[in-house]
Amino acid sequence: MVKIVLIGAIILVVLVMLRRLFGPRPREPFAPQKPKMISAEGGAVAAEIDGQELDIDPAVLAEIRKLSDSGQKIEAIKRLRETTGLGLAEAKQIVESLNQLRK
């Protein structure tokens, strides 16, 4: 009888350890999202924001890239918001995506 209880306890411990090793990993509920990437095809520059495509003038985009590259990220976000009418979060995502495209 003692052997059966001991074998059952060992099997239970092994199953619990295997579940911890190979079980599903916990998810982070508020994981940071990737910024929306900008695609440039044939001179036309577009950004996807909330499922809608937004066209950005290439001259304005060049100015924003210049500001962002020189370390003036806030000024770049302000300029993008002025020209497109975007909200702060969306403009920040686009400026960050420009930095990621450079890397």
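See the values below:
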item: Note, ³J(HN,Hα) from phi for region 74-80, Karplus 6.51, -1.76, 1.60, rounded to Hz, x at Gly and Pro; result: 5, 5, 5, 5, 4, 5, 5
item: Extension reserve of the residue 62-residue 75 stretch, reckoned as 0.36 nm per residue once the Cα distance is removed; result: 3.3 nm
item: Cut-off under 5 Å, modelled amide H: who pairs with residue 72 long-range; result: none
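Just so you know, all these numbers are worked out from the coordinates, no wet-lab data involved. These figures come from a predicted structure and were not determined experimentally.
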